[in-house]
Amino acid sequence: MPELPEVEITARGLRQRIIGLQILRVGSVDWPRMLPNSTEAELQAVLPGLTVNAVDRRGKYLLIELEQDQWLVVHRKMSGNLLLRPHDAPPEAHTHLEVEFDDGTLLRFVDPRKFGRVYLFHSSDELSDFLAAQLGPDSLIDLNEEMLVTKLRGRTGRIKSLLLDQAFVAGIGNLYADEALWEARVHPLRSADSLSKVETRRLAQAINDVLLRGIDRNGTSFSATYRDVDDQPGENQAFLNAYGRESEPCPRCVGPISRILIGARSSHFCPRCQKLRLPS
Ligand SMILES: [Zn+2]
């Protein structure tokens with residue numbers, strides 16, 4: 001599932017290639033539920049003729065700003081990818097939306113599992129209201145040690161669940177949460193307000209580090225899910241310390257990595273390095 005690093009890489013890839021291009025045509029949409037606040041007819045009426053002004057990211061949302069304050073916003077969920085293809089490229093399987101630009105470039109939204117969503121907003125205010133209703137501070141841009149100390153105070157939920165809550169902090173998913181907790185040596189089931197100031201600072205630093213390393217390595221690709229705009233997989237999967245490594249040796253202490261379920265989702269951690277109860 002694409003998380004902040006994968007969305008950031010896509011945003012950077014698109015930024016280099018589609019800013020200044022004008023939309024010529026919007027193809028048909030074969031999966032209407034993909035458009036929660038719009039329709040194929042509306043996209044085809046509004047988008048052609050508009051030029052791309054900017055590409056940005058907020059949490060796991062990718063934001064394409066067009067002329068006239070129109071915004072195309074994509075959340076890829078489980079398996080969605082945005083690909084840039086040449087004009088004559090044969091269609092990929094599971095392409096649900098295709099946008100053609102004036103230089104012939106095609107932007108395709110490809111999503112085998114169909115959980116991904118594409119939104120159209122008609123002003124930056126409308127977009128800001130939508131994002132503010134669901135997203136807390138961005139875990140790469142906004143989050144720092146002091147903010148995390150303040151935000152964790154009085155929170156009794158499990159730290160892992162809190163990190164996955166996009167309203168608490170936006171952009172982190174299961175994989176980067178496991179990696180950050182491993183790096184900070186914090187057990188995923190710890191109550192959020194039980195973390196010491198030192199642990200909290202370590203966690204804030206670890207979140208920043210794992211996200212930046214994910215971006216540097218062009219993201220993490222498992223089972224052919226995540227691809228960049230050129231349909232290439234990332235490289236970060238070869239460098240993971242905890243996620244997906246059940247029973248393999250912890251790179252720090254060589255003990256086996258454990259896997260537990262927290263709210264139906266797997267959590268990977270090292271029971272030796274990440275103690276649930278601290279020695280008193
Ligand atoms: Zn360990």
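The values are calculated or read from the model by the stated rules, or taken from the named source; none is laboratory data. The structure displayed is predicted, hence computed values, not measured ones. All Cβ positions, even for glycine, are placed from backbone atoms using ideal geometry, and neighbour counts span all protein chains on display. These accessible areas exclude ligands, DNA and RNA; they are computed on the full protein's heavy atoms, side chains included. Shrake-Rupley method; radii C 1.70, N 1.55, O 1.52, S 1.80 Å.
Structure notes:
- Sorting the segments 8-16, 120-128 by their residues' average number of neighbouring beta-carbon atoms within 10 angstrom, most packed first, yields 8-16, 120-128.
- Neighbour net charge for His94 - beta-carbon separation under 11 angstrom, K R +1, D E -1: 0
- Secondary-structure-derived ellipticity at 222 nm for the chain, considering helices only, amounts to -8500 deg cm²/dmol, per-run term -39500 (n - 2.57) for DSSP H runs with n ≥ 4.
- Portion, in percent, of the accessible area of the chain that falls on carbon or sulfur, probe 1.4 Å: 50
- Remark: relative contact order (the range 179-280) = 28 percent; criterion is Cα-Cα distance under 8 angstrom and separation of 6 or more residues.
- Eligible lysines near Lys275 by straight Cα distance, threshold 19 Å, same-chain separation 8 or greater: Lys160, Lys197
- For the range 11-24, 3J(HN,Hα) computed residue by residue from phi via the Karplus equation (6.51, -1.76, 1.60; θ = phi - 60°) reads 4, 5, x, 5, 4, 5, 10, 10, 5, x, 7, 9, 6, 8 Hz, glycine and proline entered as x.
- Per residue, the accessible area of the chain comes to 44 Å², computed with a 1.4 Å probe over protein heavy atoms only.
- Förster radius 41 Å - calculated FRET efficiency between Asp193 and Asp231 (Cβ-Cβ, nearest 0.05): 0.40
- Positive-end ranking of Val74, Ala177, Gln274 along the dipole of the chain, with charges on Cβ about the Cα centre, is headed by Gln274.
- Helix axis angle, 124-134 relative to the chain longest principal axis, alpha carbon, degrees: 30
- Amide H contacts of Thr225 (H built 1.01 Å from N, under 5 Å, at least 5 apart or other chain): none
- Sparsely packed trypsin sites (Lys or Arg not before Pro) within the range 89-127, loop by DSSP, other Cβ within 10 Å at most 14: Arg113
- Here the peptides 191-200, 225-234 are ranked by packing, the mean other Cβ count within 10 Å, and the order with the highest first is 225-234, 191-200.
- The chain, Rg to Rh (Cα coordinates; Rh as Kirkwood inverse mean 1/r): 1.01
- You can think of it this way: the chain between Phe222 and Lys114 has 37.1 nm of extra reach, that is 0.36 nm per residue less the Cα-Cα gap.
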